[in-house]
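**Student:** Right, I'll just put the structure down here and ask away after.
Just so it is clear, none of the values below were taken in a lab; they were calculated from the coordinates. Keep in mind the model is a prediction, meaning the values are calculated, not measured. FYI the Cβ positions are ideal-geometry reconstructions off the backbone, even for glycines, and counts take in every protein chain you see.
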Amino acid sequence: MKLILSSSPHILTPENTKRVMYLTLLSLLPPVAAAAYFFGLYPLLLVVVSAAASVLTEYIFLLCRRKNPLACLDGSALITGVLLALTLPPSFPWWAAVIGSVFAIAIGKQIFGGLGYNIFNPALLGRAFLMAAFPVQSTTWTKPITVAPDAFTGATPLAMAKFSGKLTPHLSLFLGNTAGSLGETSSLLIIIGGLFLIILRYVDWRLPLSYLGTVAVFGGIFWLINPARFPQDPIFHLTSGGLMLGAFYMITDMVTSPVTKLGRVIFGIIAGIFVVLIRLFGGLPEGVMYSILLANAVRPWIDRLTMPRVFGVSKKKEASS
Amino acid sequence: MSGKFKGGIHPPYRKLTSEKPIESLEPPDEIVVPLSQHTGAPAKPTVEKGAEVKVGTRIGEAQGYISAHVHSPVSGVVKSILEKPHPTQTGLVPSVVIEVKGTESEDFKEDPNWEDASPESIRERVLAAGIVGMGGAAFPTHVKLNPPKEYPVDTVIINGGECEPYLTPDDRLMREHPEDIVRGAHLIRQAVGAKRVIIGIEDNKPEAVKAMRDAAKAYGFEVSSLHSKYPQGSEKQLIKALLGREVPSGGLPFHVGVLVQNVGTAKAIYEAVRFGRPLTERVLTLSGFGAKGPGNYMVKIGTPFSHIIEKTGGASEDTVKIISGGPLMGIAVWTTEVPVIKCTSGILLLTSRETSDRQEGPCIRCGTCVEVCPMGLSPYLIARESESGFFDRARAHHVLDCIECGSCAYACPARRHLVQHIRYGKSEVWKLIKKEKEEAVA
């Protein structure tokens, strides 16, 4: 009889990284379906192309780094590719999406040491790169085909509110019948996917709640003080732009968010404040991407600040020593 | 009243043997009694090859204060004193090999006034009987019964937590011998002069709770039914749950006025004080999907695992791992020739359906380990620091407070070998501390 001699513990939870990644991917089906419903079939091509480019980049890097190249199938690169695509305008050139995906995986993830070591959310870093490299294509929006079948260009609800003070009806925002990035328009379908992840406990509800709550409250304060200058009411804030996608799929990225419950609340609040500041006072109509990247940058500090109290050690004594 | 401790996990309990009464197993023709079955210095052999021994003959002498005597569990002849495989220590350990002839016993005198034994005489008899913690730690009990004078013990806790999956020896002992355990608890209280005795049992053992409640009435002890959560049976967590007191970092239970003893140890103390009987046999659980005759068995110390497995019907073909102890803290053995020792609470024959050899993946910072750590540590962090050689940082992050319960590694979706890395970090930090001490002296 051949006996295994590994160290304790000898039993393990059935949970594993691959399962986490693929079930997260599954939960992205509703937003992807929404992209096809509102913007046609080309968006699906964007999703597939970004996902494939991400996995291929991961494969090449793992090979060069002499790691197991098949780890590119762990699902994490796929998620990055799909999420990046969901943040792109519906008519974005597919070859530029490939460049964005390569950047996201290469510079956003592998340079840092691969899965688990990156500081910034790779998909958002890829999106930020595309914003700088292709500013026109990154901000050219089309109306949903459900509104205008011939793919007219149109401003996003956030831009309309910011630059012309015109508000889009709440129901359209909630359902997703507006101009915007592929996967960000339908709050409803994103919430469905997000709740699935919360039930599976892959997402700590504290992250979306503190993020969304901060945006609603902080944005709401400005709206109450001066509704003429700040027409964006709390519900508008919550349902427009990339906030829902950010709240359930970006800020919740395990690798780039804090490990403690308290840390996650602080993280969400910091990011939420940035969203409102950028939306109301910044040069851009939307601030979700930068808010999360900025919060990612302070994440190590939040982790250090919120380390749990060690059993048998009083907080005071620890601080004085 | 029953409180809770922070963190912990809910593994599948798989208590396959709860309903199997304790059964005695005949000893084999030859037994192997290690001279080191306890924390501290190994005992020195007091017999030579060819010596005749009886049940209870002292064959090993404790060396120093933190050590324990070793006795022959059978009558027979000493065949040799050899280095032999050990269930919990690496390498070979000096052991007394005895050819078994029978069960003729030394003369033990019953003390009719056992109930009123003085603290000193209780400690003496416990020392003479070679009793060590039977829950798994194997710390010499006479030392534990003698806390420093400046830390008076007000509460004795009898640990019936038994939170490790599969294991049921304590559950059975509490159901079948509750009076003996309660009598032992009385003697422990007597030895340390405590006022209060609480018997803590996880609520997944309702029969044991009931039996102990009935038996505890004789002395007016409290029995507390605790939330079933691993590691409820860990000393520090048990004290926290029952009394709300926290043993300080680096401290021991007596620092908060508490003494914890396992139920099996309590019974052994009773038998030693009343009957003068040394610790030479114990109850253990044979379990796991690979065990053909799972059950709770009373076996002689020194019985090889192979004998127990054979006598109970053997091991199934698909057994891939054999554990001494429980599945979360137990040790995988490399041969079934290792013997049962005083702290062997179980032998598990695990198949690939229950255990898996895990490929380690990168940490995805999910935070699960932080959430489940009952000591409030950040396992992902101190494991990484240990792995990368940053022992100063691991030390500052309290790596030495890790109790190695395995909750983090159990729950880790990336299959990180957290406990293994942390254990390495702990040993390196101990080396650092030793070096510092030496430099301070020089």
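**Student:** Test B:Arg282 against the criterion of being surrounded by 19 or more Cβ atoms within 10 Å (Cβ to Cβ), of a type in the set (D, E, K, R) and more than 24 Å from B:Lys195 (Cβ to Cβ), and give yes or no.
**Tutor:** When the stated conditions are applied, B:Arg282 passes them.
**Student:** Which of the following residues is in a loop (DSSP other than H, G, I, E, B) and of a type in the set (Val, Ile, Thr): B:Val209, B:Val153, B:Val182?
**Tutor:** Going through B:Val209, B:Val153, B:Val182 in turn, just one is in a loop (DSSP other than H, G, I, E, B) and of a type in the set (Val, Ile, Thr): B:Val153.
**Student:** Of all the helices (runs of 4 or more DSSP H) wholly in the stretch A:1-93, which have at least 3 residues that are surrounded by fewer than 22 Cβ atoms within 10 Å (Cβ to Cβ) and within 12 Å of another protein chain (Cβ to nearest Cβ)?
**Tutor:** Because the criterion is at least 3 residues that are surrounded by fewer than 22 Cβ atoms within 10 Å (Cβ to Cβ) and within 12 Å of another protein chain (Cβ to nearest Cβ), the helices (runs of 4 or more DSSP H) in the stretch A:1-93 that meet it are A:17-27.
**Student:** In the stretch B:312-328, which residues are within 10 Å of chain A (Cβ to nearest Cβ) and either surrounded by 21 or more Cβ atoms within 10 Å (Cβ to Cβ) or part of a helix (DSSP H, G or I) (or both)?
**Tutor:** Across the stretch B:312-328, the qualifying residues are B:Ala315, B:Thr319, B:Lys321, B:Ile322, B:Ile323, B:Gly325, B:Gly326, B:Pro327, B:Leu328.
Listed here are the residues, each with its yes/no results for (1) within 14 Å of chain A (Cβ to nearest Cβ); (2) in contact with a Cys (Cβ under 8 Å, 6 or more places away or on another chain); (3) buried (at least 23 other Cβ atoms within 10 Å of the Cβ); (4) more than 28 Å from B:Lys15 (Cα to Cα).
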position: B:Gln190; (1), (2), (3), (4): no, no, no, yes
position: B:Lys205; (1), (2), (3), (4): no, no, yes, no
position: B:Ala208; (1), (2), (3), (4): no, no, yes, no
position: B:Ala215; (1), (2), (3), (4): no, no, no, no
position: B:Ala218; (1), (2), (3), (4): no, no, no, yes
position: B:Ser225; (1), (2), (3), (4): no, no, no, no
position: B:Ile239; (1), (2), (3), (4): yes, no, yes, no
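**Student:** From the list B:Glu19, B:Glu83, B:Glu48, B:Glu26, exactly one residue is surrounded by fewer than 23 Cβ atoms within 10 Å (Cβ to Cβ), touching a Ser or Thr at 6+ places or on another chain (Cβ under 8 Å) and either among the acidic types (Asp, Glu) or part of a strand (DSSP E or B) (or both). Which is it?
**Tutor:** None of the other options fit; the residue is B:Glu83.
**Student:** With of a type in the set (Lys, Arg) and within 20 Å of the chain's Cα centre (by Cα) as the only criterion, which of B:Lys210, B:Lys195, B:Lys229 stands out?
**Tutor:** That would be B:Lys229, the only listed residue that is of a type in the set (Lys, Arg) and within 20 Å of the chain's Cα centre (by Cα).
**Student:** Here are the criteria: (1) without any contact (Cβ under 8 Å) to a residue 12 or more places away in the chain; (2) within 12 Å of chain A (Cβ to nearest Cβ); (3) surrounded by fewer than 24 Cβ atoms within 10 Å (Cβ to Cβ). Tell me which single one B:Ile309 does not satisfy.
**Tutor:** Among (1) without any contact (Cβ under 8 Å) to a residue 12 or more places away in the chain; (2) within 12 Å of chain A (Cβ to nearest Cβ); (3) surrounded by fewer than 24 Cβ atoms within 10 Å (Cβ to Cβ), B:Ile309 violates only (1).
**Student:** Which residues, counting only those in the stretch B:58-68, are in a loop (DSSP other than H, G, I, E, B), surrounded by 22 or more Cβ atoms within 10 Å (Cβ to Cβ) and not aliphatic (A, V, I, L, M)?
**Tutor:** Result: B:Ser67, single match.
**Student:** Next up: What about A:Met244, is it in contact (Cβ under 8 Å) with a residue 40 or more places away in the chain, among the hydrophobic types (A, V, I, L, M, F, W, C) and over 25 Å from A:Arg304 (Cα atoms)?
**Tutor:** Yes; evaluated as a whole, the condition is true for this residue.
**Student:** Another question, then. If you check B:Ile59 against the conditions, is it β-branched (Val, Ile, Thr) and either touching a helix residue (DSSP H, G or I) at 6+ places or on another chain (Cβ under 9 Å) or within 14 Å of chain A (Cβ to nearest Cβ) (or both)?
**Tutor:** Values: β-branched (Val, Ile, Thr): yes; either touching a helix residue (DSSP H, G or I) at 6+ places or on another chain (Cβ under 9 Å) or within 14 Å of chain A (Cβ to nearest Cβ) (or both): no.
No: the conditions fail for B:Ile59.
**Student:** Okay, next question. Quick check on the stretch A:274-293: of everything there that is free of Cβ contacts under 8 Å to residues at least 60 places away in the same chain and surrounded by fewer than 19 Cβ atoms within 10 Å (Cβ to Cβ), which residue is nearest to the other protein chains (Cβ to nearest Cβ)?
**Tutor:** A:Leu277
**Student:** Still on this structure, please answer the following. Which of the residues spanning the stretch A:255-273 are outside any helix (DSSP H, G or I) and either surrounded by fewer than 23 Cβ atoms within 10 Å (Cβ to Cβ) or in contact (Cβ under 8 Å) with a residue 60 or more places away in the chain (or both)?
**Tutor:** Result: A:Val255, A:Thr256, A:Thr260.
**Student:** What do you reckon, is B:Val338 more than 8 Å from every other protein chain (Cβ to nearest Cβ), over 30 Å from A:Val259 (Cα atoms), in contact (Cβ under 8 Å) with a residue 24 or more places away in the chain and surrounded by 24 or more Cβ atoms within 10 Å (Cβ to Cβ)?
**Tutor:** Answer is yes for this residue.
**Student:** So in the stretch B:89-106, with the set limited to residues that are without any contact (Cβ under 8 Å) to a residue 60 or more places away in the chain and among the β-branched types (Val, Ile, Thr), which one is surrounded by the fewest Cβ atoms within 10 Å (Cβ to Cβ)?
**Tutor:** Restricting to residues being without any contact (Cβ under 8 Å) to a residue 60 or more places away in the chain and among the β-branched types (Val, Ile, Thr), the top hit is B:Thr90.
**Student:** Counting just the residues of the stretch B:341-388 that are of a type in the set (S, T, N, Q), assigned to a loop (DSSP other than H, G, I, E, B) and more than 8 Å from chain A (Cβ to nearest Cβ), which one comes out farthest from B:Gly161 (Cα to Cα)?
**Tutor:** Per the criteria, the residue is B:Gln359.
**Student:** Within the stretch B:401-430, count every residue that is over 21 Å from A:Val255 (Cβ atoms), in a loop (DSSP other than H, G, I, E, B) and more than 7 Å from chain A (Cβ to nearest Cβ).
**Tutor:** Summing the residues that are over 21 Å from A:Val255 (Cβ atoms), in a loop (DSSP other than H, G, I, E, B) and more than 7 Å from chain A (Cβ to nearest Cβ) in the stretch B:401-430 gives 4.
**Student:** Give the stretch B:389-400 a look and list any residue that's surrounded by 18 or more Cβ atoms within 10 Å (Cβ to Cβ), assigned to a helix (DSSP H, G or I) and more than 27 Å from the chain's Cα centre (by Cα), or say none. Even if it seems obvious, please write down each step before you answer.
**Tutor:** Start the filter on the stretch B:389-400 by keeping residues that are surrounded by 18 or more Cβ atoms within 10 Å (Cβ to Cβ), which leaves B:391, B:394-395, B:397-399.
If we keep only those that are assigned to a helix (DSSP H, G or I) too, we end up with B:391, B:394-395, B:399.
If the condition is that a residue be surrounded by 18 or more Cβ atoms within 10 Å (Cβ to Cβ), assigned to a helix (DSSP H, G or I) and more than 27 Å from the chain's Cα centre (by Cα), then B:Phe391, B:Ala394 are the ones that fit.
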